[in-house]
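Below: one structure, written as structure tokens.
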Amino acid sequence: MLDSKNAFQSEFDEHIVRVLRHRIGKDEKAAKKHDWYNASIYALRDAIIDRWIESTRRTYDAGDKRVYYLSMEFLIGRLLRDALSNMGMTRQMEQALRAHGLDLAELEELEPDAALGNGGLGRLAACFMESLATLDIPAYGYGIRYVNGMFRQRISDGWQVELPETWLAHGNPWEFDRMECSYRIGFGGEVVAKGDHVTWNPAEAVEATAVDTPVVGWRGKRVNTLRLWTASPLDPIRLDAFNAGDHFGALEEQVRADSLVRVLYPADQTPAGQELRLRQEYFFTAASVQDIVRRHMQYENDIRTLPEKAAIQLNDTHPSVAVAELMRLFVDEHGLEFNEAWALCQKTVSYTNHTLLPEALESWPLPLFERLLPRHMQIIYAINSRVLREARKAGCDDAQIAAISLIDEGGERRVRMANLAFAGAHSINGVAALHTELMKETVFADLHRLYPDRINNKTNGVTPRRWLQQCNPGLTKVIRDAIGDEFLDDAAKLTALNALAGDAALGERIAEVKRSNKVALSDYIKRTMGIRLDPDALFDVQIKRIHEYKRQLLNLIETVALYDQIRSHPERDWIPRVKIFGGKAAPSYHNAKLVIKLANDIARRVNADPSVGGLLKVVFVPNYNVSLAERIIPAADLSEQISTAGMEASGTGNMKFALNGALTIGTLDGANVEIRDHVGDENIVIFGLTAEDVAEKRADGYNPREVIEGSRELGQALSAIASGVFSPDDPNRYTGLVGGIYDHDWFMCAADFDSYAAAQRSVDARWEDKAGWRAAAIRNIANVGWFSSDRTISEYAKDIWKVM
Ligand SMILES: *Cc1c(COP(=O)(O)O)cnc(C)c1O
């Protein structure tokens, strides 16, 4: 047994060295760390490829239905540790590298983050891909291979500065170019009708070519494909123009193709609204739908059986033009009659809604849409007249008809992408219970009345492989020792920890792991930012996109109030706290960027003030991304989930923190509601207005000034910020930001302040009860296994895709 294992190990050792020589072209003696990094991935890849081919073959042979997940974003982060762990090869790799004096953890740090997403929506797509493979569901993720994905954030004098992310600068050993898999994607031009037959003659076209990345499921059962599209011109250079001396004009098509896959629009919860964005959406959606139909015809040769073999999930409205593209292929290319095509389309497509914010709902000016996609515009009109006919038949009045229409007729006419997705899908799901209910009552109230069977809930989840096992090996080990290994295959089994919630020895071991994670994070912050932290302080963390509805500002105001209190009452027994912030702001989002500056201004003043005696430290960690999340979350004691109730669709950061034993301080918003239901009221700190309260207050003309006058602590904190205590170099910097709270306080910072501050002081009291805190942490870990994306995906599989 031991011998065969050694033989296996030495075979792998030799394999890496062979790869280093023959694929990297380096001798062991000359190889640099980066060469070993590449060799490690190539060697691992070889093992993955065997499973990949085997998985694909199995699906073809069985004629299984496939799931197609269309998403503008896949925020996958690093892949090496994930793939090694899921393949069960971590130990083997560590040993092989050690023989050459190399440390796997160090090589892992060389991998750039694949930052092909803004935030939660893109990360969800990445967790889903991993869970699909884990559950052995044949699936493809379809998206765009952005050359510079999400921008890299630098903080310069406290301000956010955006730099291009160059994740592909040293190549990407995970990718497989599929040159043979390419489609011509057209834009503009005209539509010609000859008798029954309609032809679209685009004025321009680019080539979409597939680049595949393998996605390994837990225990390596299945390997699925993430297929990202890259763009190239039909003619790389116009030689006639070049020879005539027009060297730039000769490359125009190349530039046009490049721009399609150059950057991800760095906006979260705001539609970009620009022509290039619509081009990107159509580009990847059309390539994906054509690829899906091509695969189907190759193996089934009957377009009518598509819904039996393919389920297309639209991750938000970004790919919702898929509805029109699929109809175009059915009718124009496969000669189906409209009604039959429409039934097939609805059976195949389903749509996930991610937002209720009206300003975040995508719509396109009709003239732009018509110019870029003239045939799709016709198809959308045809769909619309059918939908409106059904609405009239059902007795809808004019206001309801106007709300249901795929065309917004108010003012400048626009195409409503959410209505298109709703009409063309058999299932429309929300991402948390509260969000789904609000969807029925607000954005889709009228469509829901017309088609009452379509809306359903699928509460989000996160993969416990990345968000527990890989990011927190210490905690994973303690849990295995306590309850065995079953939870590794079924996170719901973590509930076995409930019986041990009062076990002092377990509480102690978990606290030791937490402390060592905090030491590691403190070392990182010391090394990268020069700020010294006390690992015994309470680590209070808010990391997520910077957005007014997420209310980093509420947290900062409370930080200022606490600072004030500590200085006024140095004699009290203050709990030492570290306030950690992180997150990117959309480059055009003025208030969000100002919040980043405020966090940094507060940090500079507080951290340098000897009178707080180290009781309070404030840190803004630059460039929040997946790898940073993996570092920070295992070190958190307190998880800030404090959005204005009714505005966060689900949140998934909340789940990652609880799974790593942090307590949540939060509002009854998004999935927080369900987290409370699972961990129990006593093990979460809930404060503030409910979604209903917020709606009522907004309707009744709420007066924030009155609230501020009634709260001394709040009033003082706001005046300190507004008067330049933290910005002596520019005393008016925050006048407008604070003025917004006085004037309208749309996000209810003032309304929720007292309740939030009281909740924070109750957190202090809990922290002093060490045993109580530890028991609550165990209760959190024990009861959030339900928020595994395996559970979410199995619900999609059974209820929507019918593949389980
Ligand atoms: C989980 C995650 C998010 C989503 O966080 P929320 O708190 O749910 O907004 C965003 N970015 C990264 C890098 C993540 O890992």
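What follows draws every value from the coordinates through simple rules; no lab data is involved. If you're wondering where the values come from, they're calculated on a predicted model, not measured in any experiment. Note that we place each Cβ from the backbone using ideal geometry, even for glycine, and neighbour counts take in every protein chain shown.
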Quiz item: Hey, what does the equivalent ellipsoid look like for the range 128-234, semi-axes from the Cα gyration tensor as sqrt of 5 times each eigenvalue, largest first, whole Å?
Solution: 33, 25, 14
Practice problem: Report Rg (one decimal) and Dmax (nearest whole number) for the range 504-582, counting Cα atoms only, units Å. | Solution: 15.0, 42
Self-check item: Within-14-Å neighbourhood charge of residue 446 [Cβ basis; K, R +1; D, E -1]
Solution: 0
Quiz item: Separation of the range 53-74 and the range 488-546 by C-alpha centroid, Å?
Solution: 37
Quiz item: In a shell of Cβ-Cβ distance under 10 Å around residue 583, excluding residue 583 itself, what net charge do Lys and Arg (+1) and Asp and Glu (-1) give?
Solution: +3
Practice problem: Specify whether the C-alpha gyration tensor of the range 514-554 places it in the rounded, prolate or oblate class, a ≥ b ≥ c being the square roots of the eigenvalues: rounded for a/c under 1.5, otherwise prolate if a/b is larger than b/c and oblate if not. | Solution: prolate
Practice problem: Compute the separation of the alpha-carbon centres of the range 752-788 and the range 402-466 and state it in Å as a whole number. | Solution: 34
Quiz item: How much length is gained on full extension from residue 804 to residue 723, taking 0.36 nm per residue of separation minus their Cα-Cα distance?
Solution: 23.1 nm
Self-check item: residue 413 paired with residue 61, simple spin-label distance in nm, labels 7 Å along Cα-to-beta-carbon
Solution: 5.5
Practice problem: Within 10 Å, count the other beta carbons around each residue, average over each peptide in 228-241, 105-118, 783-796, and list them highest first. | Solution: 783-796, 105-118, 228-241
Quiz item: Reachable lysines from residue 802, Cα under 29 Å, same-chain residues fewer than 8 places away excluded?
Solution: 65, 221, 309, 347, 440, 458, 493, 656
Quiz item: Mean residue ellipticity at 222 nm from the helices of the chain, using -39,500 (n - 2.57) per DSSP H segment of n ≥ 4 over the full residue count, to the nearest 500 deg cm²/dmol?
Solution: -14500 deg cm²/dmol
Quiz item: With the radius of gyration and the Kirkwood radius both derived from the Cα set of the chain, what is their ratio Rg to Rh?
Solution: 0.97
